[in-house]
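K.L.:
Below you will find the structure I want to go over with you.
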Amino acid sequence: MTAHHHNDHADHGHDDEHGHDHGHDEHGGHDHGSLKSYATGFILSVILTAIPFWLVMGKTFGSSSTTAMVILGFAAVQIVVHMVYFLHMNTRSEGGWTMLALIFTTMLVVITLAGSLWVMFHLNHNMMPTSAHEMRNLP
C-alpha cells in the first residue's frame, strides 16, 4: 500500500497517459480549418457581399421586392458559408448534434417568422372598421 498504491492513483489521474482524447487535435484534423479553408471562406464571403451591394447600387432589378428576395437568397448562402468554413459545422462534428441543433433552430425561426408575417398580413382584415358607413353597422 505504499509506493505501488500511490503510483496507481498517480497513473489514473493523468488521462493523457491512457490515450484519452480531450478534444485537442495537434495535427489539424477535420475539426479545425486550414489556411486554405479560411481563405476560401473569406473569398466567398466577400463575393457574396459584393454582388448584393452591386445589385442595389446599380439598381439592376426594377422592383425593390425582387431585389430584396435576391439579397435574402445571397444572405442565406452566406450564412451557410460562414457555418461551414468558419464554424466548421458539418454532419460529422459532435456526432451530428450540431447539425441537428441547427436544423431545429432553423425550424423554430421559420415557424416564428412565418407565423408573425401571417398575423401581420391578416391584421388589417381583422381590425375594427374605421369608415362611418361601417361604424353604423356595429352592434
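The values are calculated or read from the model by the stated rules, or taken from the named source; none is laboratory data. Bear in mind the structure is a predicted one, so any value in this text is a computation, not a measurement. Methodologically, a virtual Cβ is constructed for each residue, glycine included, from the backbone with ideal geometry; neighbour enumeration extends over all protein chains shown.
K.L.:
Just need a number here: residues in segment 27-76 that are at pLDDT below 90 and surrounded by 15 or more Cβ atoms within 10 Å (Cβ to Cβ).
P.N.:
Qualifying residue count, segment 27-76: 1.
K.L.:
For V109, are the conditions met, namely being in a helix (DSSP H, G or I), modelled with pLDDT of 90 or more and surrounded by 10 or more Cβ atoms within 10 Å (Cβ to Cβ)?
P.N.:
The answer is no for V109.
K.L.:
Among (1) of a type in the set (A, V, I, L, M); (2) outside any helix (DSSP H, G or I); (3) free of Cβ contacts under 8 Å to residues at least 12 places away in the same chain, which single condition is M89 missing?
P.N.:
Unmet for M89, out of (1) of a type in the set (A, V, I, L, M); (2) outside any helix (DSSP H, G or I); (3) free of Cβ contacts under 8 Å to residues at least 12 places away in the same chain: (3).
K.L.:
Restricting attention to segment 31-64, which residues are part of a loop (DSSP other than H, G, I, E, B) and either aromatic (F, W, Y) or within 24 Å of M99 (Cα to Cα) (or both)?
P.N.:
Start the filter on segment 31-64 by keeping residues that are part of a loop (DSSP other than H, G, I, E, B), which leaves 31-34, 58-63.
Passing the criteria: D31, H32, G33, S34, F61.
K.L.:
Further question on the same structure: Working carefully through the options V80, V119, find the one that is out of contact with any Pro (no Cβ under 8 Å at 6 or more places or on another chain), surrounded by 12 or more Cβ atoms within 10 Å (Cβ to Cβ) and at pLDDT 85 or above.
P.N.:
On the way: V119 fails: surrounded by 12 or more Cβ atoms within 10 Å (Cβ to Cβ).
Of V80, V119, the one residue that is out of contact with any Pro (no Cβ under 8 Å at 6 or more places or on another chain), surrounded by 12 or more Cβ atoms within 10 Å (Cβ to Cβ) and at pLDDT 85 or above is V80.
K.L.:
What are the pairs, 6+ residues apart or on separate chains, where a residue within segment 94-111 that is within 14 Å of M83 (Cβ to Cβ) has its Cβ under 8 Å from a residue that is at pLDDT 85 or above and surrounded by 11 or more Cβ atoms within 10 Å (Cβ to Cβ)?
P.N.:
L102/M83
K.L.:
Restricting to segment 83-94, give me the number of residues that are out of contact with any helix residue (DSSP H, G or I) (no Cβ under 6 Å at 6 or more places or on another chain) and either among the polar types (S, T, N, Q) or at pLDDT 90 or above (or both).
P.N.:
First pass over segment 83-94, keeping only residues out of contact with any helix residue (DSSP H, G or I) (no Cβ under 6 Å at 6 or more places or on another chain): 83-84, 87-88, 90, 92-94.
Narrowing the set further to residues that are either among the polar types (S, T, N, Q) or at pLDDT 90 or above (or both) leaves 90, 93.
The qualifying residues number 2.
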